[in-house]
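Derivation of every value follows stated rules applied to the coordinates shown; laboratory data play no part. Predicted model, so just to flag it, every value in this text is computed and none were measured. Cβ coordinates were reconstructed from backbone atoms using ideal geometry, including for glycine residues, and neighbour counts include every protein chain displayed.
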Amino acid sequence: MNLYVWVLAIALAVAALADWRAVARGQREVETLAKPAFMVLLIALAWLLHADVVSYGQFLLAGLVLSLVGDVLLLGDSDVHFLGGLIAFLLGHLAYIAAFRRVPGDGPIWPGVLLVVLAVGVVVWVRLLPRLRADWREGGPLVLYAAIIGAMAALAWATGLWVVGLGATLFLVSDTVLAYQRFEGDLPHGRLVVMVTYHLAQVLIVVGLLRC
């Protein structure tokens, strides 16, 4: 790796740690800066790793930009912000699906892991359905979102790249905890779990795809 990649990687780690610390301590002002900064740095890192020269890398960049938009929207507390963030991430997952479909590989690995990922996703989201039925203006898009992220995780494993599969699975975990927090109640350190798994997911997907 060249010097610029190392510098960006270190800055990325600093932004992630700053965001985790801010979330853990409830420092909203720091989180407002650190959260989008992480994604801006990750987009720059993906660009330096030449994501723009291959078709799957271009869709990866689109997914990262949409994730950044979603992050910014989810910094707001209103239902409108939540729904906007949901739509941005849904489009981001579709971009990731397009990227995974274009990855040259040998096909699925660890089919058992793929099935477990799907099974856990289905069980958890079915558990949330009674809450979602109360308001289908919000619940309907969430059900669609659950189907899309489940497909994203499955297709990540189907690339044959275990790093990408692990990243997509962590993304599923992050979104599941976020949904549980919103509709069922707070979990111990729930927001911190959401951000740690989300950041690790994004990094693993980028590194796994661009080093394949």
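So if we plug the beta-carbon distance of Glu184 and Leu3 into 1/(1 + (r/R0)^6) with R0 = 41 Å, what FRET efficiency do we get, rounded to 0.05? Computed FRET efficiency for Glu184 and Leu3: 0.30. On the beta carbon distance between Ala24 and Asp52, with R0 = 30 Å, the FRET formula returns roughly 0.30.
Its alpha carbons considered, segment 1-90 gives a radius of gyration followed by a Dmax of 14.3, 43 Å.
For segment 142-212, the equivalent ellipsoid derived from the alpha-carbon gyration tensor has semi-axes of 23, 14, 7 Å in decreasing order.
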